[in-house]
Amino acid sequence: MMDLKVNVGTIDKIARIGVGILLLVLAVMGIGTPWTWIGIVPLITGLAGRCPVYSLLGINTCGIKK
């Protein structure tokens with residue numbers, strides 16, 4: 001079962017939110033491909049602080065120790 005605890009650190013969050021916003025702005029402007037709408041994924045995971053893929057792989061960029 002996946003562990004949905006916070007596993008995305010501050011720098012990771014900032015990067016995800018930045019990339020997500022950039023991709024979504026490009027998608028809205030019609031620049032790039034339809035794949036730029038994938039920016040919603042890093043934006044949501046950055047805002048939520050949780051990444052299901054990180055949970056599956058056992059990665060934790062958050063400073064909280066288990």
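Spin-label point model (7 Å from Cα, Cβ direction): what's the V25 to K5 distance in nm?
Inter-label distance under the simple model: 3.6 nm.
Could you look at the chain and say what percent of its accessible area is carbon and sulfur, using a 1.4 Å probe and all protein chains?
Working: 3610 of 4820 Å².
Ligands and nucleic acids excluded, carbon and sulfur give 75 percent.
Going by accessible area, probe 1.4 Å, with all protein chains left in place, what is the ranking of R16, R50, largest first?
Details: R16 35, R50 105 Å².
Greatest to least solvent exposure: R50, R16.
Using each residue's phi in the stretch 51-61, evaluate 6.51 cos²θ - 1.76 cosθ + 1.60 at θ = phi - 60° and report the 3J(HN,Hα) Karplus result to the nearest Hz, with x for Gly and Pro.
Ordered by residue, 3J(HN,Hα) equals 10, x, 5, 4, 4, 5, 8, x, 8, 9, 8 Hz.
For the stretch 39-49, just list the computed ³J(HN,Hα) in residue order, Karplus coefficients 6.51, -1.76 and 1.60, θ = phi - 60°, integers in Hz, with x standing in for Gly and Pro.
In residue order, the calculated couplings are x, 5, 5, x, 5, 5, 5, x, 5, 7, x Hz.
The values are calculated or read from the model by the stated rules, or taken from the named source; none is laboratory data. Fair warning: this is a prediction, and the values are worked out from it, not measured in the lab. Don't worry about glycine lacking a Cβ; one is built from the backbone with ideal geometry, like all the others, and counts go over all protein chains shown. Ligands, DNA and RNA are excluded from the accessible area calculation, which covers all protein heavy atoms including side chains. Shrake-Rupley method; radii C 1.70, N 1.55, O 1.52, S 1.80 Å.
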